[in-house]
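Accompanying notes for the structure given below.
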């Protein structure tokens, strides 16, 4: 395992799972609060952050349009396993249950 600490959700951030690729640098995600949102991949991440259905990400919901969000981080497989072993494991299990 890597010696770096896994990034966890901070204030205002939600764990989410990619459920569909919409196109135009947007993805559909299911968030830990049970809401489906359209998430935008900001310009600084577009070339560095390739998304696939089933990926886990951190999103920040928009204040003025709560059914939309910005993707701020994408977890790799090892980080997801670390999250499952931490206190965030229940949140990931809930997301998996909601997405089927």
Subject >> Tally of residues being under 25 Å from residue 86 (Cβ atoms) and loosely packed, with under 12 Cβ neighbours inside 10 Å across region 13-47 >> reply: 1
Subject >> Matching residues, region 1-20, being closer than 15 Å to residue 74 by Cβ and at pLDDT 95 or above >> reply: 13, 14, 15, 16, 17, 18, 19
Subject >> Selection count where residues are more than 21 Å from residue 88 (Cβ to Cβ), outside any strand (DSSP E or B) and free of Cβ contacts under 8 Å to residues at least 24 places away in the same chain, scope region 23-75 >> reply: 12
**OP:** For residues that are surrounded by 17 or more Cβ atoms within 10 Å (Cβ to Cβ) and either touching a strand residue (DSSP E or B) at 6+ places or on another chain (Cβ under 9 Å) or without any contact (Cβ under 8 Å) to a residue 24 or more places away in the chain (or both), tally how many sit in region 1-12.
**Re:** 1
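The values are calculated or read from the model by the stated rules, or taken from the named source; none is laboratory data. Bear in mind the structure is a predicted one, so any value in this text is a computation, not a measurement. Methodologically, a virtual Cβ is constructed for each residue, glycine included, from the backbone with ideal geometry; neighbour enumeration extends over all protein chains shown.
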